[in-house]
Amino acid sequence: MKTVQRGRFCRQRGVATGVALLAITLLTGCEPAAESPGEREQPRAQPVVTETVAWQPRLVRVEAVGTSRADKSVTLYPEVSGEVVEVSLKAGDRVAAGQTIVQLDQRDQRLAVQLARVALEDAKRLYSRYQRTRDSGAVTENAVDDARSAVERARLNLDRAEVALDHRSIEAPFDGYIGISNIDPGARVDPSTEITTIDDRSTLLVTFQVPELFHGQIDEGQPISVSTWSNGDPGHQGEVIDIDSRVSPQTRTFTVRARVDNGDDRLRPGMSFRVTLKLAAGRYPVVPEVALQWGNDGAFVWAVDGSGKVRRVPATVVQRLQGAIQVDSDLPEGMSVVTEGTQRMREGMPVANMARL
């Protein structure tokens, strides 16, 4: 009985072994052939959104305190001593060039002009008479020459008398506004007496100090903005007209002068201002703010090279702009950087630029 059971077990084991071998043979025959390296599937290009890199100068905002003066400004003094007989204008009045402001007593000077004119006429008549009779021999050549010289002297005396008369009137040398005067009619003045001031405040000259760090970055004609300390409104524009040739060794600054338009006559000479100017300090690439990524070794951007693959380019922040960042990086102008889809990027990954919806 045991022999029969042993034979049945052996037959069953042989059948199972044959089935297993058949299954292995079938599986081996169904395996696909090995692929060649050229037939392997290339990685698909990842869809991204890119923007082009633009280079811009770095703008540095410089602020300084400026002091103003009128474009033309004088203090008037009399040329001669005398008594004031008339004060024509008061403080704040606008005066035209050549207009009389203060009149001194000029009676003696008017008489001197009249006498000089009479003397000139007499000299001219005598010289004319000598001219008519010189051919008859009644007048010598020396007499004619003396008469000619007398005419010239008389003319010079008249000119001097007229100059003395002009000095009795104190006139405006240019268009402007009259300042406060302490002179009244009847006052006695001399060449050391201050009469008044005149300012042409249609434009102001604003002088301010700039740190030597920015020497060479400011040019004539560069625009500036000025604002008063009361309201801070930078509504007044100007331009640089003068730059000092030296730097102060005490303050390490140099002087800059700018001309500011004051056509609306809102500003006054002597006022101080907050001066603002923007200086260009080198050119750097500008990338969108969303393109800048941060890693363990600092900031970087994903740049798309000529073959359509991305590479990680380190970037150092230079200046933040509105919606963009100026960086110091190896990014040529015109290169594209990834702005959307940066989380999926890997070094050397191919990308396909998609239009932003």
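Listed values, structure above:
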quantity	calculated
Computed [θ] at 222 nm, deg cm²/dmol, the chain (DSSP H ≥ 4; -39,500 (n - 2.57); rounded to nearest 500)	-8000 deg cm²/dmol
Cβ-based net charge around residue 294, under 15 Å, with every Lys or Arg adding one and every Asp or Glu removing one	0
Amide H within-cut-off set for residue 349, under 5 Å, with H built and near neighbours excluded	310
The chain: most fluctuating residue of 151, 53, 318 per GNM, C-alpha cutoff 10 Å	151
Chymotrypsin sites (Phe, Trp or Tyr not before Pro) restricted to the stretch 155-231 and DSSP loop, no more than 12 other C-beta within 10 Å	229
Principal-axis tilt of helix 107-133 within the chain, Cα atoms, nearest 10 degrees	70
Set of aspartates and glutamates near residue 90 by C-alpha distance (under 19 Å), chain-local residues within fewer than 8 positions excluded	171, 175, 184, 194, 199, 200, 265
Probe 1.4 Å, accessible area per residue of the chain, Å²	63
5 angstrom amide H check on residue 339, placed H, neighbours 5+ away	49, 50, 51
Within the accessible area of the chain (1.4 Å probe), percent carbon and sulfur	50
Leading residue at positive end of dipole, the chain (Cβ point charges), from 111, 204, 49	49
Kirkwood Rh in Å, taken over all unlike Cα pairs in the stretch 134-200	16.5
Distance cut-off 13 Å, percentage of C-alpha pairs in the stretch 110-164 lying past it	56
Kirkwood hydrodynamic radius (C-alpha pairs) into Stokes-Einstein, the stretch 40-154, 10 °C and 1.306 mPa s, D in µm²/s	67
Area of residue 90 that stays accessible when all protein chains are in place (1.4 Å probe, Å², to 10)	130
Rg to Rh, two decimals, where the chain supplies the alpha carbon set and Rh follows Kirkwood	1.55
Solvent exposure, largest accessible area first (probe 1.4 Å, DNA, RNA and ligands not counted), of 61, 274, 44	44, 61, 274
The chain: relative contact order in percent, alpha carbon pairs under 8 Å with at least 6 residues between	26
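The values are calculated or read from the model by the stated rules, or taken from the named source; none is laboratory data. Only a predicted model underlies this, so the values are computations on that prediction, with no experimental measurement involved. Heads up, the Cβs are rebuilt from the backbone with ideal geometry, glycines too, and the neighbour counts pull from every protein chain shown. Just so you know, the surface numbers come from the protein's heavy atoms only, side chains and all, with ligands and any DNA or RNA stripped out. Shrake-Rupley method; radii C 1.70, N 1.55, O 1.52, S 1.80 Å.
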